[in-house]
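Heads up: the structure comes next, in structure tokens.
The values are calculated or read from the model by the stated rules, or taken from the named source; none is laboratory data. Everything numeric in this text was worked out from a predicted model, so none of it was measured. Note: ideal-geometry Cβ built from the backbone for every residue, glycine included; neighbour counts use all protein chains shown. Only protein heavy atoms, including side chains, enter the accessible area calculation; ligands, DNA and RNA are left aside. Shrake-Rupley method; radii C 1.70, N 1.55, O 1.52, S 1.80 Å.
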Amino acid sequence: MPVDRSQRIGVIVSGAAHLGAILWLILGGIFFSHDLPPLMATTEVSLISSAEFAAMQARAPKAPADTPEQPTLPAVAEAAPVAPSAETVPSIPTQPEPDATPEPDAAPEPLEPASPAAEVSDASPSPPIAPVEVPSDVVLDTVRPKPAPREAPRVAPVPSEAPAPDAAPSETVVRETTPEPAPEPVPETPVEATAPPEATTEIVTEATETQDKPASSAPLVSARPKTRPKKPDPAPASKPAAEPVAEDAVAAALAEAMSGEASEAPAPGTGTAASGPPMTSGEKDALRIAVQSCWTLGAVSTDAMNTIVTVRVDMTPDGMPDVASIRMTGYDGGTQDSAQIMFRAAKSAIVRCARHGYPLPKEKYEIWKDLELVFDPNGMRRR
Amino acid sequence: MRIANQVTVLAALAMAIFAVVPNAAAQGGPLRIVIDQGVIEPLPFAAPVFIAETPEAADMAAAVTGVVAADLSGTGLFREIAPDAFISRITSFDAPVAYPDWKAINAQALVTGAVSVGSDGRINVKFRLFDVFSDAQLGEGLQFGGAAQDWRRIAHKVADQVYSRITGESGYFDSRVVYVSESGPKNARLKRLAVMDYDGANVQYLTDSSTIVLAPRFSPSGDRVLFTSFETGFPRIKLLDIATVTSRPLAELSGNMTFAPRFSPDGGTVVFSLEQGGNTDIYAMQLGTGQTRQLTNAPSIETAPCYSPDGSQIVFESDRSGSQQLYVMPAEGGEPTRISFGEGRYGTPVWSPRGDLVAFTKQHAGRFHIGVMRTDGSEERLLTASFLDEGPTWAPNGRVIMFTRESAGATGGAQLYSVDISGRNLRAVPTEGAASDPDWSPLQP
């Protein structure tokens, strides 16, 4: 039977619509899914008889009576003056769960000893376990029964420090060593001030002792002028002759050398020259140090401190000066009066320090039997 | 030809050297040693109690000996050996000295003396000084006579002689110091002039405390004192005669402030500061005629003038450079030359009696110093340092400086101190109560 065009279109449209509905039902959830409601939590349970439950309950250890009330304690210290034992911690897997009390959500919190929240024990619903004495790592890793914490009248307000870590494994036993404790500081006892000796070899004025360090590098003290020039020699009686020409000087030098009259000293081997070895620098220093230790300049004038005096003294073979022979042979840089002051100080030094004789080698007496001592105070003026 | 001549000269010199050197080495001259380091320490001396040649002179002899020893020890240059250490006893003024006994106790100087009291009550003191390690007397024996009440002056004169013979410079013990004696709290201090021996003895007050007085200055002869008085409410210079203890204004300069006076070395002129219209300059007045002459003319403050010992120059302080510094100008006035260039402020310059140094007060870094420098400003040395040191004055021999040291705080007071120009021997001068602004007299005749 022929189907007209309108009927055929209706069939096609109907078929397509049905096909689309079918596809919508099959695949529509993929593209147009809604938020599914959360799945219901399911828990597998095993059914036991009442007899088996009674038997199991009989085998289980008795929990403290106040344990179930822990989550509702308003204050830890007030409700639980005695800390419960560690076995009552619900998180221990070997612990049978009492069915009468739900497991408190906050129970693990006391196992975090390092948490600062553990310090706020008043508001915590957790059991009053001193968190400082039950480090979490030990509790969670060990299967040994933990010792009960010591009873305390109150919970510690602050956690104590964590225990030292376990010793590292080693083949040999090594005892722990601790550094030696530092000695306790000894309190300083007041000591009365003492004064330095009245004598000194260097002047430190009050201003120098207390003077602050200058802020700049500018010198605080002006440069010291040069020493006083030497006194001019007495006017010569006659003006010296003009310098000879070079040829004359050469000729004079040659003549003087050839004639052997270059000096007033006798020729080698004919005079009183020392025959032994010369004085060593150490021997000279010994004499110098011995004399200068008695050269006292504390009571001389400031003018005298500018005067250099030269003193000659004859020595005896035992190292003693002949006091009568001490004489000033010259001075420089001062007046006659200041030279006399310095000569007196020099003479006193020579005599005072020779009470037992100067340390001079006897075998070289020919060298030191005649001494010329130059006393130069210029290095001491500013001390 | 020229080369030949040079060769000849060199050969001649070489021959001369080789010929001379052996001779010099062979000389039998003395062994020469240079001593350039000594010991700076007080010289130990012994001063046995002077012999009492009359029975009534026993106490006086002990007192005179004590003053002599105290004078010498107070310089810091001498150290008295305790009498307990003496081996020898001086039983007679003319007895020979046992030098070994004094050497044994390291007495480098020995002072012996004798005191007698005459029938008229006058005392006679004689002494001898010995250089122990030279086994000789040092100088001639000397004696002084005077009224019994002047026994301290006589003792000072003995000490001056000993000091001078040993050190080579004049003494300063027989001298006086005029100063401002202070009393009362710091905010209501009463001041009056006083004069005393250099060691604080024999205090004599010259004014009462009804008027503030400042800056007393001795005349070269020591018989008069210039000072600044606030009697009229303004500072005015007055001249006081010590013998009669009477004073008069130096000049009638009404309406102007005059201060910081000082005598010229001849005593005929007074140099001072005068403030006119807010400006301070230095003037000089002839005491005989009253003629006044202006020496400086600058818009800055010039004050604290002081003559050099020869009277040819004046050192003063001025802030003309922007800070307080020291200047030197001719005594007749003229262009000044600045001599202080260090950090801080300089003031109150005083020329040394020797003429070689200028003492000054320096303020730097919150502290005060007494220092000395050459008259050209070189070799500046600070001798002291404290909360407040000021107003130096020279001893007659130019070896010691006396100054005022004031301590801090409401209860702090002023006191006189002395120090050696080397910076050693800083010590307080004993006074009756607080004291300030000293001026040292020349040696008394």
So B:Ala414, is it in the same structural domain as B:Asn202 (by TED's automatic domain parsing), in contact (Cβ under 8 Å) with a residue 40 or more places away in the chain and touching a Gly at 6+ places or on another chain (Cβ under 9 Å):
no
Taking B:Tyr163, is it closer than 17 Å to B:Leu43 by Cβ, within 13 Å of chain A (Cβ to nearest Cβ) and open to solvent by 30 Å² or more (accessible area, probe 1.4 Å)?
no
Could you tell me which of the residues B:Thr393, B:Thr411 is β-branched (Val, Ile, Thr) and in contact with a helix residue (DSSP H, G or I) (Cβ under 8 Å, 6 or more places away or on another chain)?
B:Thr411
Please return the ranges of strands (runs of 3 or more DSSP E) entirely within the range B:329-432 where 1 or more residues are surrounded by fewer than 16 Cβ atoms within 10 Å (Cβ to Cβ).
none
Residue list for the range B:82-131, restricted to those being over 15 Å from B:Phe45 (Cβ atoms) and within 32 Å of the chain's Cα centre (by Cα)
B:Ala114, B:Val115, B:Ser116, B:Arg122, B:Ile123, B:Asn124, B:Val125, B:Lys126
Looking at B:Glu343, B:Glu390, B:Glu332, B:Glu406, can you tell me which residue is within 9 Å of chain A (Cβ to nearest Cβ) and not basic (Lys, Arg)?
B:Glu343
Would you point out the residue of the range A:320-353, among those that are outside any helix (DSSP H, G or I) and touching a helix residue (DSSP H, G or I) at 6+ places or on another chain (Cβ under 8 Å), that is nearest to B:Ser134 (Cα to Cα)?
A:Ile326
Would you confirm whether or not the range B:434-441 contains a residue that is open to solvent by 30 Å² or more (accessible area, probe 1.4 Å), among the polar types (S, T, N, Q) and more than 19 Å from B:Leu357 (Cβ to Cβ)?
no
Does any residue in the range B:132-147 that is farther than 16 Å from B:Phe45 by Cα and away from every other protein chain (no Cβ under 14 Å) come within less than 7 Å, Cβ to Cβ, of a residue that is assigned to a strand (DSSP E or B) and open to solvent by 30 Å² or more (accessible area, probe 1.4 Å) six or more places away or on a different chain, and which pairs are these?
B:Gly141/B:Lys126; B:Gly141/B:Arg128; B:Leu142/B:Lys126; B:Gln143/B:Asn124; B:Gln143/B:Lys126; B:Gly145/B:Asn124
Among what's in the range A:364-383 and is at pLDDT below 90 and in a helix (DSSP H, G or I), pick the residue that is farthest from the other protein chains (Cβ to nearest Cβ).
A:Asn378
Could you say whether any residue in the range A:285-296 is more than 9 Å from chain B (Cβ to nearest Cβ), touching a strand residue (DSSP E or B) at 6+ places or on another chain (Cβ under 7 Å), open to solvent by 50 Å² or more (accessible area, probe 1.4 Å) and modelled with pLDDT of 90 or more?
no
Just the residues that are open to solvent by less than 40 Å² (accessible area, probe 1.4 Å) and more than 23 Å from B:Ile401 (Cβ to Cβ), please, taken from the range B:70-85.
B:Ile81
Among the residues of the range B:38-54 satisfying the criterion of being out of contact with any Phe, Trp or Tyr (no Cβ under 8 Å at 6 or more places or on another chain) and within 7 Å of chain A (Cβ to nearest Cβ), which is most open to solvent (accessible area, probe 1.4 Å)?
B:Glu41
Hey, among A:Ile350, A:Ile308, which residue is more than 8 Å from chain B (Cβ to nearest Cβ) and closer than 30 Å to B:Leu357 by Cα?
A:Ile308
How many of the residues in the range B:55-65 are in contact with a strand residue (DSSP E or B) (Cβ under 7 Å, 6 or more places away or on another chain) and open to solvent by 30 Å² or more (accessible area, probe 1.4 Å)?
3
